[in-house]
Amino acid sequence: MNTSRFALVDCNSFYVSCHRVFQPELNGRPVVVLSNNDGCVIARSDEAKALGIKMGTPYFQMKEVAGQEQVKVFSSNYELYGDMSRRVVSTLAQFTPHLEIYSIDECFLDLSHLAPEEVKAYGKKVRETVRQWTGIPVSVGAACTKTLAKVANRLAKKQTGKEAGVLVLANQQEVEQALRQTEIGDVWGIGRQHAKRLRQMEVHTAWGLRNLPEGWVRKNMAVTGLRTLLELRGEPCQDLELASPARKNICTSRSFGRPVAELGHVKEALSTHTVRCATKLRGQGSCASSLTVFLMTNRFAVTEHDYYSSRTIQLARPTSSELELLRHANALLEDIFRAGRRYVKVGIMLHELIPASEVQLDLFTARNEEKQGKLMATLDSLRQRFGHHALKYGVQGARNEGDTFENEAEKPPWMLKREFASPCYTTNIREVLVVKT
DNA sequence: TCTGGGGTCCTAGGACCC
DNA sequence: TCTGGGGTCCTAGGACCC
């Protein structure tokens, strides 16, 4: 009954590890990666964790410690992480085609083809191979449900020496021991609110949750909570999702590098986001039936209380053409933009996505639609080949993210702050050449 | 001065219908 | 005019994930 059906393979401090692959001198040193705009800490090496730097800490609050302790700081580089992630996945795919890509740094593997006594060696082999082929260290947790595999994985990361990085929960005793060592807030599916509530009831560990009555959990934590409970008890409620389902909503937004007051600058930003968003939309073969544009002032400022406004429109017919989306997005923006405010963020959301093949066309629009479709396909392939900035619209502004600027004032204010940027080692040929010479 | 971005699922309650 | 039950759909808000 306790056969290990699932393994969770999770990259250790993934973003940090990606940088270390190309700068091995950073091994053993404290390293952190910041969110977009150098806002807050989103990845830490073990050495940085040991310094007490917490996940989500705003950079300005840890600047001093970073200086004192010689913490190496990076701006985030999603092109690099995305490419490294693909390498890890294709390595795992050599082991089994039955795998679920759960996030940029985690995969579930199906183990049902293994005999119980083979699981541990298999986990070790996976770990060694990924390390050798990609340079990325991973941990492997295996158990009979996904939630228990998550538990196992957390504990695997803490193990040292010969046991480092792989943990299999093969029987009731091992499961109980693991659950007793797992804090309630560390259980997959238990967030801040549930954890707080459970602690008030003196439930402090996963083991405590495991022993609560089903009825109470169903009533107070909904069916998702009940699923977590049952999975902790060893009853699988979630299967592998081999094919990632099409997104139901797609959103692209960024904070500005500096506050922005001019409509023209906000338009450049929104247009850039819209092109990205439309590219994602076409990437999954969908069309959008409605779209929302939102615009924010600083939510941390006490004076500007109306920090969020948004507007949505229903499109006459679903589209994936960025020309149409740009037209609508900028019209909505003009509606909600108010002069005299300092904005910090703009974004676009696409909803009610349907497969492009299901869009109903009438006689008058069919030809136009076909022409636009061809145009978009051409844009997509050119951008794939020459980079996303290779083809753009006047309304996006002349400058690119990644351009070098003589001084800060020359850079459009909406562009991301990336004080600690690193090269895209694996995806930008020009930069690889620069590094080598 | 400086605080990320992008998603999913579930539930309760209201509107509406027969 | 008064009455009841049951169903669907939509939306907003909350909770969760990485």
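Just so it is clear, none of the values below were taken in a lab; they were calculated from the coordinates. Since we're looking at a predicted model, the values are computed, not measured. Every residue, glycine among them, receives a Cβ derived from its backbone with ideal geometry; neighbour counts consider all protein chains shown.
Given only helices, namely DSSP H runs of n ≥ 4 each adding -39500 (n - 2.57), what is the per-residue ellipticity at 222 nm of chain A, to the nearest 500 deg cm²/dmol?
The helix contribution divided over chain A gives -13000 deg cm²/dmol.
Would you mind getting the Kirkwood hydrodynamic radius of segment A:238-300 from its Cα pairs, rounded to one decimal in Å?
14.1
Treat each spin label as a single point 7 Å out from the Cα along the C-beta direction, and report the residue A:336 to residue A:68 distance in nm.
Result: 4.2 nm between the two label points.
Once a ≥ b ≥ c are taken as the square roots of the eigenvalues of the Cα gyration tensor of segment A:322-437, is the result rounded (a/c under 1.5), prolate (a/b larger than b/c) or oblate (a/b not larger than b/c)?
The shape class here is oblate.
Could you work out how far the C-alpha centroid of segment A:188-238 sits from that of segment A:51-117, in angstrom?
27
Just to be sure I understand the rule: take each whole DSSP H helix in chain A, project its Cα atoms onto its long axis, keep it if the span is 15 Å or more and its mean Kyte-Doolittle hydropathy is at least -0.5. Which ones pass?
TM-like helix candidates: A:78-93, A:214-232, A:263-283, A:322-336.
Neighbour counts of other C-beta atoms within 10 Å: give me A:62, A:84, A:201, A:349 arranged from fewest to most.
Fewest-to-most Cβ neighbours within 10 Å comes out as A:201, A:349, A:62, A:84.
So between residue A:313 and residue A:197, what do we pick up on full extension, going 0.36 nm a residue minus the alpha carbon distance?
Full-extension gain reported as 37.8 nm.
Picking from A:29, A:233, A:299, which is most flexible by a Gaussian network model of chain A using Cα springs under 10 Å?
Looking only at A:29, A:233, A:299, the biggest GNM fluctuation is shown by A:299.
Between A:297, A:427, A:365, where does the largest GNM mean-square fluctuation fall for chain A, given springs only between Cα atoms within less than 10 Å?
Looking only at A:297, A:427, A:365, the largest GNM fluctuation is found for A:365.
Once the piece of chain linking residue A:214 and residue A:29 is laid out straight, how much longer is it, given 0.36 nm per residue of separation minus the C-alpha distance between them?
Once the chain is fully extended between residue A:214 and residue A:29, it gains 62.0 nm.
Does segment A:182-233 classify as rounded, prolate or oblate by the C-alpha gyration tensor (a ≥ b ≥ c root eigenvalues; a/c under 1.5 gives rounded; else a/b over b/c gives prolate, otherwise oblate)?
rounded
At 7 Å along Cα-to-Cβ for each site, give me the label-to-label distance between residue A:298 and residue A:240 in nm.
About 4.9 nm, to one decimal.
Please give every one of the lysines within straight-line cross-link reach of residue A:411, meaning a C-alpha to C-alpha distance under 22 Å, and leave out same-chain neighbours fewer than 8 residues apart.
A:267, A:345, A:392
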